[in-house]
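Here the structure is laid out as structure tokens; the discussion comes afterwards.
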Amino acid sequence: MGRQRVKFSSQVSPEVLAAMREIARSEGRHFQAVMEEAMEEYIVNRNRQTPRPEVMAHFRASVERNRRLLELLAE
């Protein structure tokens, strides 16, 4: 049994709409599936309160690598 769908209407620039349709066409997917995936990703990214763990790992490694420089700059 598939997920329930709710029909809605909205407006978007012709360029954005054309780009989304091209993505769906090039991937051989239904337009609504591409739109739903884009909306879901937007919600996840919008609700993210902290940086992704891999970003923080790179940041920590950079701080450690440049610790002496940071100490000199702080003086």
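The values are calculated or read from the model by the stated rules, or taken from the named source; none is laboratory data. Model, not experiment: these values are computed from the prediction. Quick note on the areas: whole protein, heavy atoms, side chains included, nothing else; ligands and nucleic acids left out. Shrake-Rupley method; radii C 1.70, N 1.55, O 1.52, S 1.80 Å.
At a glance:
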quantity	calculated
Segment 1-26, residues that are open to solvent by 100 Å² or more (accessible area, probe 1.4 Å), modelled with pLDDT of 95 or more and either of a type in the set (A, V, I, L, M, F, W, C) or under 20 Å from the mean Cα position of the chain (by Cα) (or both)	15, 21
Hits in segment 66-75 - residues which are in a helix (DSSP H, G or I) and open to solvent by less than 100 Å² (accessible area, probe 1.4 Å)	69, 70, 71, 72, 74
